[in-house]
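A quick write-up on the structure given underneath.
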Amino acid sequence: MLSDRVNRIALSPTLRISARAGQMRAQGTDVVDFSAGEPDFPTPEPVKRAAKAAIDANFTKYVANDGIPELKAAIVEKFLKDNGLKYDLNEIIVSTGAKHSLLNIALSLFGAGDDVLIPSPCWVSYPYQIRMAGANPVLIPTREEHGFRLRAQDLAQAITPNTKALILNYPGNPTGALYSRDELQALADVCVREQITVIADEIYEK
């Protein structure tokens, strides 16, 4: 009954561990839960006030598909100020979150027969998102002695004629891997030479 796309999806390992932690707590066990990335602090007061003010102002209707213009302008300003990157408003698309953005990217760029490279250990959702797009996740093992960083030579060896993209998470989740500028440049050089698209997931930038 379900589509092949849906049948490729398995239960989230993160949520499975989180549910188990909840069960153990209910049984009286003291648990430190490192599963879901859930903040251990309440929503900041300025955020709550802004949300309430938006509701009171009836800011509850549909907005432009690619995002509120004022928000897009703020994102453009952020990239220029913090990252030295210049973008136009038509190059910015706002989604409901990073996970949604990554799924949109997978569905827009990948298809049957495409290989997508991922340094491993990796965030558990990457392979599922790639499979949902009909493509193949290819995990490149990283090693503790290298700080769990993807090396340029390992990237180059993993590339095949079917390779479409590299997903690079920085800092790495779950390893916390950090790269020097020279290491990132070496990876970029390989991708430019081989015409590989880089999906830069920098959710932990700040």
Discussion item. Going by what's in this entry, would GLY84 be described as over 30 Å from ALA51 (Cα atoms) and outside the structural domain of ARG193 (by TED's automatic domain parsing)?
Written reply: yes
Worksheet, complete the sentence: For LEU178, the lone unmet condition from (1) part of a loop (DSSP other than H, G, I, E, B); (2) within 23 Å of ARG8 (Cα to Cα) is (2)
Discussion item. Cβ-Cβ distance below 6 Å, separation of 6 or more or different chains: which pairs start in segment 47-66 with a residue that is without any contact (Cβ under 8 Å) to a residue 40 or more places away in the chain and end on one that is surrounded by 10 or more Cβ atoms within 10 Å (Cβ to Cβ) and in a loop (DSSP other than H, G, I, E, B)?
Written reply: ASP66/ILE93
Discussion item. Regarding segment 41-54, can at least one residue be identified that is acidic (Asp, Glu) and under 20 Å from SER101 (Cβ atoms)?
Written reply: no
Discussion item. For segment 1-28, give me each residue that is of a type in the set (A, V, I, L, M) and surrounded by fewer than 10 Cβ atoms within 10 Å (Cβ to Cβ).
Written reply: MET1, LEU2, VAL6, LEU11, ALA26
Fill in: Selection status of THR29, β-branched (Val, Ile, Thr), part of a loop (DSSP other than H, G, I, E, B) and either assigned by TED's automatic domain parsing to the domain that holds SER101 or at pLDDT 95 or above (or both)
yes
Item to complete: Scan segment 106-150 for residues that are surrounded by fewer than 20 Cβ atoms within 10 Å (Cβ to Cβ), in a helix (DSSP H, G or I) and modelled with pLDDT of 95 or more and report the count.
Response: 6
Practice prompt. Give just the number: which of (1) surrounded by fewer than 17 Cβ atoms within 10 Å (Cβ to Cβ); (2) in contact (Cβ under 8 Å) with a residue 12 or more places away in the chain; (3) in a loop (DSSP other than H, G, I, E, B) does PRO161 not satisfy?
Written response: (2)
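The values are calculated or read from the model by the stated rules, or taken from the named source; none is laboratory data. None of these values were measured; they are calculated from a predicted model. Don't worry about glycine lacking a Cβ; one is built from the backbone with ideal geometry, like all the others, and counts go over all protein chains shown.
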